[in-house]
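Here is the structure we will look at.
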Amino acid sequence: MNTGKVDVLLGLQWGDEGKGKVVDVLTPKYDVVARFQGGPNAGHTLEFEGQKYVLRSIPSGIFQGGKVNIIGNGVVLAPDLFMQEAKDLEKSGHDLKSRLHISKKAHLIMPTHRVLDAAIEASKGKNKVGTTGKGIGPTYTDKVSRTGLRVGDILENFQEKYEAHKALHLKQIASLGYTDFDITEVEKTWMEGIEYLKQFPIVDSEVEINKVLRSGKNILCEGAQGTMLDVDFGSYPFVTSSNTICAGACIGLGIGPNRIGNVYGIMKAYCTRVGAGPFPTELFDETGAKIRDLGHEYGAVTGRERRCGWCDLVQLKYSVMVNGVTELIMMKSDVLDGFDTIKACVAYKLKDGSVTTDFPYEIDDVEPVYKEFKGWKTDMTQFTSEDQFPQEFKDYIAFLEDFLETRIGIISIGPDREQTIVRK
Ligand code: GDP
Ligand code: IMO
Ligand code: MG
């Protein structure tokens, strides 16, 4: 049978690797682009023709040539935030209504889920996760507890279902002793969002996707967050509440594992993290501040300062393993253009003094062992071919490829769509 293939693109670190930019760059090679997990906790930035866009729930394939984009069953959707995001795009001249399809099985983030998110964070005190406050955890909790509301539910007797769910949430919020909230206004906009959602094709996306494949067309799956935020394999409990890894694409879209082709692993030439939790290579000195400054490392949605550090190859090797990465894509190498020395963590020294390259159960107390590289000290942002790369940069990427046993197929040298070097 002539079937199309599914490629998966996902983050290998703690999110914000530059997934949005690469999805946009790769979209012309695909017929459909689909998001499979996460929700408005994501902020995917794209830049082209002097314009900058930040997408949260809408897939990053929406700008290239009228392709169908799908919000899959594994995504959690906030109708009010979705309406705001979609209307902004429509205002800037991008028609969405016919080619943005939404799964009936995607779960709805209710206003009370966001209050619960805040209440649970407040109850954790100094152990809080530092969530984006978008209700992600409570919505996935309801999904797994079999008490969630789905997009398909809006088509019939919705108000009744909504009130029942809300009443349950209000009890949970009260039991946490949380009183500092008023959802009156938000609820109004949220209900407008529900009506707005009905203008989009609400579909059985797993059926649609498999029909697309059967007709020989190709699909690109766009991950959100990153492998270290995966609920199973990330730095638990400082993670998000979905499976961000490649297998998440099968579950979040209804695709058989044998359909997966390429797995593109996106990594920064250094590393960042937003929110709380361990980060072995974090830099607290002026080098960290310099990376933050040059890389504009502030949250795309929340504006929060991102924690910055050197590239962690022990962590990346683990991510390559759990995702079955077939090709690496390295972002933001331009940010390191002016550095005299670049470092990469090649092993962890554990509390008992032993040294390992295996990613351990806990990374709170590991001490990174670094290898130093001579900086390339060259502005690469206008390069158009890998032949222009300085030798020091070639040496750096050759080392990464060797250590990670995976080819780096694309190197990004700036935020614009054009600033992308596809290697031979
Ligand atoms: P995502 O969540 O993985 O899509 O990444 P974000 O959009 O949250 O963060 C990546 C940031 O880096 C955005 O501001 C991008 O515009 C920017 N960016 C992407 N690639 C590059 C690059 O190669 N160089 C530089 N300097 N910026 C980049
Ligand atoms: P993109 O797709 C970076 C982080 C939060 C917090 C933890 C849990 O843009 O890469 P949540 O709201 O999901 O319950 O928060 O996960 N986080 C992200 N960090 N990029 C993201 O998405 C993130 N989405 C969630 O900061 O530490
Ligand atoms: Mg982001």
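The values are calculated or read from the model by the stated rules, or taken from the named source; none is laboratory data. Just so we're clear, the structure is a prediction, and the values are computed from it rather than from any experiment. Don't worry about glycine lacking a Cβ; one is built from the backbone with ideal geometry, like all the others, and counts go over all protein chains shown. Protein only, heavy atoms only, side chains kept; ligands, DNA and RNA dropped before computing areas. Shrake-Rupley method; radii C 1.70, N 1.55, O 1.52, S 1.80 Å.
Identify the residue in the range 316-375 that is of a type in the set (D, E, K, R) and in a strand (DSSP E or B) and, among all such residues, is nearest to the chain's Cα centre (by Cα). Result: Glu327. Taken together, Asp340, Asp358 contain a single residue that is farther than 14 Å from Trp376 by Cβ and open to solvent by 40 Å² or more (accessible area, probe 1.4 Å), which is Asp358.
Check every one of the strands (runs of 3 or more DSSP E) wholly within the range 1-105 and list those with 3 or more residues that are within 15 Å of ligand 1 (Cβ to nearest atom) and either open to solvent by 10 Å² or more (accessible area, probe 1.4 Å) or hydrophobic (A, V, I, L, M, F, W, C) (or both).
Numbers: elements: 6-11, 32-35, 44-48, 51-55, 68-71, 100-103.
Passing ranges, in order: 6-11, 44-48, 51-55.
Of the residues contained in the range 285-298, one or more are found to be surrounded by fewer than 21 Cβ atoms within 10 Å (Cβ to Cβ) and at pLDDT below 95. Evaluated against (1) open to solvent by 10 Å² or more (accessible area, probe 1.4 Å); (2) within 16 Å of Asp16 (Cα to Cα); (3) touching a residue at least 60 places away in the same chain (Cβ under 8 Å), Ile202 falls short on exactly one condition, (2). Taking residues in the range 212-231 that are in contact (Cβ under 8 Å) with a residue 12 or more places away in the chain and part of a loop (DSSP other than H, G, I, E, B), and partners anywhere that are among the aromatic types (Phe, Trp, Tyr) and open to solvent by less than 20 Å² (accessible area, probe 1.4 Å), the pairs with Cβ atoms closer than 6 Å and at least 6 places apart or on different chains are Asn218/Tyr30; Gly226/Trp14.
Residue pairs whose Cβ atoms lie under 9 Å apart, sitting 6 or more positions apart in sequence or on different chains, and linking a residue in the range 364-383 that is touching a residue at least 40 places away in the same chain (Cβ under 8 Å) to a partner that is open to solvent by 90 Å² or more (accessible area, probe 1.4 Å) and in a loop (DSSP other than H, G, I, E, B), are Val366/Lys351; Glu367/Lys351; Lys377/Asp340. Thr244 passes every criterion in (1) away from ligand 1 (no atom under 16 Å from the Cβ); (2) under 28 Å from Leu26 (Cβ atoms) apart from (1).
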